[in-house]
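*Asks:* Below are the structure tokens for one structure; questions will follow.
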Amino acid sequence: MAAWRGAWPLPHSISSMRTAQVIRQTAETRIAVELDLDGSGVSKLATGIGFFDHMLDQIARHGLVDLAVHAEGDLHIDGHHTVEDVGITIGQALAKALGDKKGVRRYGHAYVPLDEALSRVVVDFSGRPGLVWHVPFARAMIGQFDVDLAHEFFQGLVNHAFITLHVDNLRGENAHHQCETVFKAFGRALRAAAEIDPRMGSVIPSTKGSL
């Protein structure tokens, strides 16, 4: 695993118990993710796709999640496999870091504007994967980034984090702004849902007793 050492660790010592490290390797990609839910927004990102790194940085900074991602994928084909597999691996890390979800608020939502664009994201740590996606991008490409890959990222994430996620871009004319508001709002909603509620104690926030 010597080739992966550059991905570890994040540039500070992690003391939080809600952390995870996940490595995913396929014939198409090799992904390494490190995640700390109780971080300060530090990121270390190298996916080979500049705009995607920029979007992942929004999750870290606005979610106060420390996040390291190192990805090697078949970018000579396109970015699809890399972006999707990063979503899958972050989803796996999120599920691992959340553990049994005792004491978390469970639900989170955020509205985030950027100039003319406005997006709303709602998160439920339901234990059931589900994505509702309404993002009418103004154009198909943002630089070299195919906007369809934003959906693929979140689909991979929710499938493996076992969360329910509703994403709505309420307005926007600039695709970069639209996409950035989605990722920022996801970070904010994730932060709210993952926050420990002192009134919950060690209770799991579900009448079923599990999530």
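*Asks:* Which ones in segment 46-78 are surrounded by 22 or more Cβ atoms within 10 Å (Cβ to Cβ) and outside any helix (DSSP H, G or I)?
*Replies:* Listed by number, the residues that qualify are Thr47, Ile49, Val65, Asp66, Leu67, Ala68, Val69, His70, Ala71, Gly73.
*Asks:* Right, another one. Quick one: would you say Arg139 is out of contact with any strand residue (DSSP E or B) (no Cβ under 9 Å at 6 or more places or on another chain), at pLDDT 95 or above and part of a loop (DSSP other than H, G, I, E, B)? Can you show your working first?
*Replies:* Working: out of contact with any strand residue (DSSP E or B) (no Cβ under 9 Å at 6 or more places or on another chain): yes; at pLDDT 95 or above: yes; part of a loop (DSSP other than H, G, I, E, B): yes.
Yes.
*Asks:* Taking segment 117-145 as the search range and keeping residues that are touching an Asp or Glu at 6+ places or on another chain (Cβ under 7 Å) and surrounded by 13 or more Cβ atoms within 10 Å (Cβ to Cβ), which one is farthest from Arg188 (Cα to Cα)?
*Replies:* This residue is Ala138.
*Asks:* Where residues in segment 96-136 are outside any strand (DSSP E or B) and of a type in the set (A, V, I, L, M), which of them is farthest from the chain's Cα centre (by Cα)? Give the steps one after another, and end with the answer.
*Replies:* So the first thing to find is which residues in segment 96-136 are outside any strand (DSSP E or B), and the list is 96-103, 105-106, 115-116, 125-129, 135-136.
Still in the running and of a type in the set (A, V, I, L, M): 97-98, 135.
Working: Ala97: 13, Leu98: 13, Val135: 17 Å.
Across segment 96-136, the extreme among qualifying residues is Val135.
*Asks:* Right, another one. What about Gly156, is it at positive phi, of a type outside the set (A, V, I, L, M, F, W, C) and either more than 15 Å from the chain's Cα centre (by Cα) or not in a strand (DSSP E or B) (or both)? Walk me through how you get there before you give the answer.
*Replies:* Working: at positive phi: no; of a type outside the set (A, V, I, L, M, F, W, C): yes; either more than 15 Å from the chain's Cα centre (by Cα) or not in a strand (DSSP E or B) (or both): yes.
No: the conditions fail for Gly156.
*Asks:* Has segment 175-197 got at least one residue that is among the polar types (S, T, N, Q) and part of a loop (DSSP other than H, G, I, E, B)?
*Replies:* Residues of segment 175-197 among the polar types (S, T, N, Q): 178, 181.
From what's left, part of a loop (DSSP other than H, G, I, E, B): none.
No: zero hits.
*Asks:* Return only the number of the condition from (1) in a helix (DSSP H, G or I); (2) more than 16 Å from the chain's Cα centre (by Cα); (3) free of Cβ contacts under 8 Å to residues at least 40 places away in the same chain that Lys208 does not satisfy.
*Replies:* Only one criterion in (1) in a helix (DSSP H, G or I); (2) more than 16 Å from the chain's Cα centre (by Cα); (3) free of Cβ contacts under 8 Å to residues at least 40 places away in the same chain is unmet by Lys208, namely (1).
*Asks:* Within segment 25-40, can you find the residues that are surrounded by fewer than 21 Cβ atoms within 10 Å (Cβ to Cβ), touching a strand residue (DSSP E or B) at 6+ places or on another chain (Cβ under 7 Å) and not charged (D, E, K, R)? Talk me through it step by step, then tell me what you get.
*Replies:* To start, the set of residues in segment 25-40 that are surrounded by fewer than 21 Cβ atoms within 10 Å (Cβ to Cβ) comprises 25-28, 30, 38-40.
Filter once more, so that each one left must be touching a strand residue (DSSP E or B) at 6+ places or on another chain (Cβ under 7 Å): 28, 30, 39-40.
Those that are surrounded by fewer than 21 Cβ atoms within 10 Å (Cβ to Cβ), touching a strand residue (DSSP E or B) at 6+ places or on another chain (Cβ under 7 Å) and not charged (D, E, K, R): Gly39, Ser40.
*Asks:* Name the residues in segment 75-126 that are of a type in the set (Val, Ile, Thr), in contact with a His (Cβ under 6 Å, 6 or more places away or on another chain) and closer than 23 Å to Pro205 by Cα, would you? If you could, list the steps in order and put the result at the bottom.
*Replies:* Going through segment 75-126, the residues of a type in the set (Val, Ile, Thr) turn out to be 77, 82-83, 86, 88-90, 104, 112, 121-123.
Those still in the list that are in contact with a His (Cβ under 6 Å, 6 or more places away or on another chain) too: 88, 122.
Matches in segment 75-126: Val122 only.
*Asks:* Among the residues of segment 31-50, write down those that are out of contact with any helix residue (DSSP H, G or I) (no Cβ under 8 Å at 6 or more places or on another chain) and not acidic (Asp, Glu). Show your work before the answer.
*Replies:* Step one: list which residues in segment 31-50 are out of contact with any helix residue (DSSP H, G or I) (no Cβ under 8 Å at 6 or more places or on another chain), which gives 38, 40, 50.
Selection gives Ser40, Gly50.
Okay, residues lined up against (1) at pLDDT 90 or above; (2) crowded, with 16+ Cβ neighbours inside 10 Å; (3) not hydroxyl-bearing (Ser, Thr, Tyr):
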{"position": "Asp168", "(1), (2), (3)": "yes, yes, yes"}
{"position": "Gly172", "(1), (2), (3)": "yes, yes, yes"}
{"position": "Ala175", "(1), (2), (3)": "yes, yes, yes"}
{"position": "Lys184", "(1), (2), (3)": "yes, yes, yes"}
{"position": "Arg188", "(1), (2), (3)": "yes, yes, yes"}
{"position": "Asp197", "(1), (2), (3)": "yes, no, yes"}
{"position": "Ile204", "(1), (2), (3)": "no, yes, yes"}
{"position": "Leu211", "(1), (2), (3)": "no, yes, yes"}
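*Asks:* When Gln144 is evaluated against the numbered criteria (1) among the polar types (S, T, N, Q); (2) modelled with pLDDT under 95; (3) closer than 27 Å to Val203 by Cβ, which criterion, by number, is the only one it fails?
*Replies:* For Gln144, the exception is condition (3).
*Asks:* With the structure loaded, tell me whether Val112 is more than 22 Å from Glu28 (Cβ to Cβ), β-branched (Val, Ile, Thr) and in contact with a Gly (Cβ under 7 Å, 6 or more places away or on another chain) or whether it fails that test.
*Replies:* Details: more than 22 Å from Glu28 (Cβ to Cβ): yes; β-branched (Val, Ile, Thr): yes; in contact with a Gly (Cβ under 7 Å, 6 or more places away or on another chain): no.
So Val112 does not fit the description; no.
The values are calculated or read from the model by the stated rules, or taken from the named source; none is laboratory data. Predicted, not measured: the structure shown is a model, and the values here were computed from it. Methodologically, a virtual Cβ is constructed for each residue, glycine included, from the backbone with ideal geometry; neighbour enumeration extends over all protein chains shown.
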